[in-house]
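Notes follow once the structure below has been shown.
The values are calculated or read from the model by the stated rules, or taken from the named source; none is laboratory data. Fair warning: this is a prediction, and the values are worked out from it, not measured in the lab. Cβ atoms come from the backbone with ideal geometry, glycine included; neighbour counts cover every protein chain shown.
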Amino acid sequence: MKKPRPDQPLSPLRKIQCQFATGVTQPLTRGDRMRRRWTDGRLASHVVSTFIKPNDALSSLERLEIYNRQYWFRLLDSLREDFPGLRGVLGERRFRNLCVEYVHSYPSVSYTLRDLGARLFQFIIEHPELTAPKTEMARDMANLEWAQIEVFDAGARPILTANDIRRNVAVRLQPYLRFFEFDHAVDQLLKTPNRRSLWRPQKTHLAVHRIDFACYFKRLEPSAFRILKGLQEGVPLEDACGLVDESIQPGTVQEWFQHWMALGWFCK
Amino acid sequence: MANSFEPFRDWGIGIGLRVPHYDHILTRKPAVDWFEIISENYMVDGGRPLHILDQILEQYRVVQHGVSLYFGSTDPLNRTHLKRLKQLVQRTKTPWLTDHLCWGSVDGRYTHDLLPMPYTFEAARHTAKRIREARDFLEVPIAVENVSSYAEFHVSEMTEWEFLTEVVERADCGILLDVNNIYVSSRNHSFNPHDYVDQVPHHRVAQIHIAGHSKFEKYIIDTHDHPVIDPVWKLYAHALERVGNVPTLLEWDDRIPSFEEVHREALKANRFLKESIHEKAAA
């Protein structure tokens with residue numbers, strides 16, 4: 001995005017919007033109030049009074065505080081709604097702290113709140129101290145829950161039919177599918193985050209898919225995961241099938257493909 | 001100048017399409033004049049949102065209402081956003097499109113709020129230019145909505161209604177007159193809401209919004225989570241006296257009750273719309 005060069009004076013409108021946005025996006029205090037100090041250390045009440053009028057009921061700062069609180073409540077509510085599993089893993093207080101740090105480091109760059117959590121997975125990896133000692137579990141859960149959001153409204157292509165296969169139409173996977181190799185059984189953890197037995201590492205291969213517009217998880221054999229991941233990354237069908245463990249019978253692979261066909265995972 | 005939204009004056013009363021009502025609408029097919037959708041909720045590649053929307057489009061008239069074009073922002077218009085929006089406009093064939101007279105992003109960082117404008121001539125010129133750019137790209141008539149506000153700026157050079165007038169005249173666009181927002185702002189900033197309604201260019205009013213709000217000790221917030229209160233209905237009646245019948249939409253976005261309750265609340269507007277018709281006929 002094009003920004004004015006530092007040597008270019010800000011227009012009055014831009015200047016006021018930059019000041020207002022600075023105040024609105026500052027993290028709240030523990031008591032959910034606006035901070036008394038501006039980002040440069042000056043008294044916030046003094047800074048805000050230079051551009052916002054007070055009225056009979058509210059000071060300039062109190063008027064800006066309404067927007068400051070709305071900003072944080074709206075964004076934190078959105079993350080709470082999108083990441084209930086992560087909230088379950090971390091507990092309310094740590095989840096909220098993680099989200100505040102995340103939004104402060106990665107403010108929204110999209111016109112839609114849907115995208116707000118897109119970089120939470122990455123942030124968790126960058127700041128393990130915020131989720132320790134459950135960082136890997138939190139990372140897996142954030143990844144899974146973001147996948148649900150993506151799968152829910154991703155596009156779909158016409159389903160591949162037996163006729164298409166006979167006509168040698170290239171086999172592709174539906175664009176809404178996501179495949180994961182997790183270190184934890186996050187699909188179960190999502191339902192029962194307090195079950196301590198699930199906190200132990202457990203390799204889990206998972207497909208996030210949808211049927212009739214609702215999202216589902218499907219456990220996969222490691223070999224099945226490799227085939228699907230390979231196909232998704234553009235590996236030719238024959239080569240993808242070569243990624244299967246030797247112990248797997250050809251009949252089993254055939255059954256997998258039949259099942260995936262029935263689920264509508266292959267498209268033109 | 002004639003109202004450029006004249007062909008839609010008889011559209012009646014619409015309701016905001018909301019997720020908790022999907023099943024009721026699709027199975028019972030209630031008689032609703034039209035639905036308003038939040039554009040951003042359907043600017044996606046597929047899945048349930050578009051599946052539902054396509055079914056609604058088969059049976060109902062739909063108008064798009066946006067929350068993030070931010071006509072008043074000093075950032076360049078987001079081309080990705082506009083392209084997505086245009087795809088949706090082509091899908092819904094919305095006869096007009098609305099968004100807010102506000103700003104909400106700086107340097108590509110979004111606040112997801114409808115932030116108040118300073119009422120200056122510079123801001124009016126800037127905002128009008130962006131509305132024209134958006135309309136030229138989207139190829140659909142645009143109406144801008146007045147927002148509720150909780151802050152005022154020292155630099156303002158005019159009243160809010162003068163600013164709205166300045167913007168829409170420069171942009172040659174319509175107004176989505178939100179009478180609840182006028183009421184909320186009038187209480188927060190101590191002005192007479194009737195002055196506001198009286199002084200906007202009536203021929204440009206394309207649509208009206210009504211809604212409920214929340215009252216706090218020292219201010220009122222536009223929360224869309226209550227029925228419409230009597231003073232807002234009275235202001236709505238006053239607005240209809242001035243602008244004549246225009247499509248009216250009830251917004252209910254939080255603590256959403258059953259479809260029947262929302263519909264019943266919206267249909268209360270009929271009383272005033274019909275009165276307005278009679279008054280026009282008598283005149």
Flag if B:Thr27 is in contact with a strand residue (DSSP E or B) (Cβ under 9 Å, 6 or more places away or on another chain) and away from chain A (no Cβ under 14 Å)
no
Quick check on my filter: what residues within region A:116-156 are more than 15 Å from the chain's Cα centre (by Cα) and either of a type in the set (Gly, Ala, Ser) or within 14 Å of another protein chain (Cβ to nearest Cβ) (or both)?
A:Ala132, A:Gly155, A:Ala156
Taking interchain pairs and intrachain pairs at least six residues apart, which have beta carbon atoms under 7 angstrom, with the first residue in region A:210-229 and within 14 Å of chain B (Cβ to nearest Cβ) and the second of a type in the set (D, E, K, R) and outside any loop (DSSP other than H, G, I, E, B)?
A:Phe213/B:Arg48; A:Tyr216/A:Arg210
Verdict on A:Leu113 being touching a Ser or Thr at 6+ places or on another chain (Cβ under 8 Å), at pLDDT 95 or above and either within 10 Å of another protein chain (Cβ to nearest Cβ) or over 20 Å from A:Leu190 (Cα atoms) (or both)
yes
Could you say whether any residue in region B:97-106 is touching a helix residue (DSSP H, G or I) at 6+ places or on another chain (Cβ under 7 Å), farther than 24 Å from B:Asp45 by Cβ, without any contact (Cβ under 8 Å) to a residue 60 or more places away in the chain and of a type in the set (A, V, I, L, M)?
yes
Write out, first by first residue and then by second, each pair whose Cβ atoms fall under 7 Å of each other, whose residues are 6+ apart or on separate chains, and whose first residue, in region B:173-189, is over 18 Å from B:Val144 (Cα atoms) and among the acidic types (Asp, Glu) while the second is modelled with pLDDT of 95 or more and not in a strand (DSSP E or B).
none
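Residues are listed down the side, and each one gets a yes or a no for (1) outside any loop (DSSP other than H, G, I, E, B); (2) more than 7 Å from every other protein chain (Cβ to nearest Cβ); (3) surrounded by 13 or more Cβ atoms within 10 Å (Cβ to Cβ):
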| position | (1), (2), (3) |
| --- | --- |
| A:Lys15 | yes, yes, yes |
| A:Gly23 | yes, yes, yes |
| A:Leu28 | no, yes, yes |
| A:Leu64 | yes, no, yes |
| A:Arg69 | yes, yes, yes |
| A:Arg80 | yes, yes, yes |
Options B:Asn188, B:Asn180: the member that is away from chain A (no Cβ under 14 Å) and out of contact with any Pro (no Cβ under 6 Å at 6 or more places or on another chain):
B:Asn180
Number of the exception - A:Trp260 against (1) closer than 30 Å to A:Phe95 by Cα; (2) out of contact with any helix residue (DSSP H, G or I) (no Cβ under 7 Å at 6 or more places or on another chain); (3) surrounded by 15 or more Cβ atoms within 10 Å (Cβ to Cβ)
(1)
Check region A:24-46 and report whether any residue there is of a type in the set (Val, Ile, Thr) and either more than 32 Å from the chain's Cα centre (by Cα) or assigned by TED's automatic domain parsing to the domain that holds A:His104 (or both).
no
Yes or no: region B:115-122 includes at least one residue that is in contact with a His (Cβ under 7 Å, 6 or more places away or on another chain) and more than 10 Å from every other protein chain (Cβ to nearest Cβ).
no
Among the numbered criteria (1) within 26 Å of B:Thr74 (Cβ to Cβ); (2) at the interface with chain B (Cβ under 10 Å from one of its Cβ atoms), which one does A:Thr39 miss?
(2)
Pairs with Cβ under 6 Å, 6+ apart, first in region B:6-20 and in contact (Cβ under 8 Å) with a residue 40 or more places away in the chain, second buried (at least 19 other Cβ atoms within 10 Å of the Cβ) and among the acidic types (Asp, Glu)
B:Gly14/B:Glu36; B:Gly16/B:Glu36; B:Gly16/B:Glu251
Could you grab me the full set of residues in region B:91-129 that are surrounded by fewer than 24 Cβ atoms within 10 Å (Cβ to Cβ) and in a helix (DSSP H, G or I)?
B:Arg91, B:Thr92, B:Phe121, B:Glu122, B:Arg125, B:His126, B:Ala128, B:Lys129
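Listed here are the residues, each with its yes/no results for (1) surrounded by 18 or more Cβ atoms within 10 Å (Cβ to Cβ); (2) over 17 Å from the mean Cα position of the chain (by Cα); (3) of a type in the set (D, E, K, R); (4) not in a loop (DSSP other than H, G, I, E, B).
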position	(1), (2), (3), (4)
B:Val232	yes, no, no, yes
B:Glu241	no, yes, yes, yes
B:Leu250	yes, no, no, yes
B:Asp254	no, no, yes, no
B:Pro257	no, yes, no, no
